[in-house]
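First comes the structure, then the notes that go with it.
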């Protein structure tokens, strides 16, 4: 009796295991099928892609995205090939429409310029250009210094003025120019994103004055009210006594009237001439 009971129990356990495996296998296949049905393949970067590069087919790959697609995701490679990159992409990152230049605009720095804006190149010194003082995406103020045109007091000397504020740096690097003898030499160049009227101002300042870039916090977008300064003010004696001129209060004129009454004499004074 015990042997029969043991055999029945073992058979029941075996059947339960088989049923459990079948149910698990069916459910696993159903879940996998549901996941595959909800996966969409989008275009992604095969490796790191720098700003300004033009996308080619070998720089692209596809990855699966489960659920809803991010807004602007590209699913067709043909819509990405040949377009310039307006911001850096990293390996495995899905490519969005907002990260690419318009169709037909090509690559390079020009493709990253927003409509209605201009990129103006300015020459800076080696400290600013080489040491990484300014890099793309930073915000700077543009200061100019030199001798202003027209008559000026000889004691003031050169002046400095804040020309532009909160200007975005698009790129920084070197450019090859020729000196007076025709020999090429490298100069540090920083490209700034400005409006058309600012480009005219900056171009004139670049050719007639010395330009200095001042780094600022990108979160600080307020325009500071600053006045220019002159070299003569730096040598002013700050410890000299400051004389304050006080305007004297005008004292009204007094008019005296003598009154004779018999042998009595009296005088009366008035501040207005109407008593005459």
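The values are calculated or read from the model by the stated rules, or taken from the named source; none is laboratory data. No experiment lies behind these values; they were computed from the predicted model shown. Using ideal geometry, Cβ is built from the backbone for each residue, glycine included, and neighbour counts are taken over all protein chains shown.
In this structure, does residue 145 turn out to be part of a strand (DSSP E or B), surrounded by 15 or more Cβ atoms within 10 Å (Cβ to Cβ) and modelled with pLDDT under 80? Answer is no for this residue.
When 96, 117 are checked against the criterion of being modelled with pLDDT of 85 or more and closer than 17 Å to residue 193 by Cβ, 117 stands alone in meeting it.
Here is the figure for region 35-69: residues that are more than 14 Å from residue 91 (Cβ to Cβ), touching a helix residue (DSSP H, G or I) at 6+ places or on another chain (Cβ under 8 Å) and either modelled with pLDDT of 85 or more or assigned to a helix (DSSP H, G or I) (or both) total 1. Does any residue of region 40-55 turn out to be under 16 Å from residue 99 (Cβ atoms) and without any contact (Cβ under 8 Å) to a residue 40 or more places away in the chain? Looking through region 40-55, at least one residue is under 16 Å from residue 99 (Cβ atoms) and without any contact (Cβ under 8 Å) to a residue 40 or more places away in the chain.
Among the numbered conditions (1) on the phi < 0 side of the Ramachandran plot; (2) at pLDDT below 75, the only one that residue 182 does not meet is (1).
Every listed requirement among (1) touching a strand residue (DSSP E or B) at 6+ places or on another chain (Cβ under 6 Å); (2) closer than 25 Å to residue 170 by Cα; (3) exposed (fewer than 12 other Cβ atoms within 10 Å of the Cβ) is met by residue 50 save one, (1). Let me spell it out: the conditions are (1) surrounded by 17 or more Cβ atoms within 10 Å (Cβ to Cβ); (2) farther than 16 Å from residue 205 by Cβ; (3) modelled with pLDDT of 85 or more, and residue 78 meets all of them except one. Which number is the exception? Condition (1) is where residue 78 drops out.
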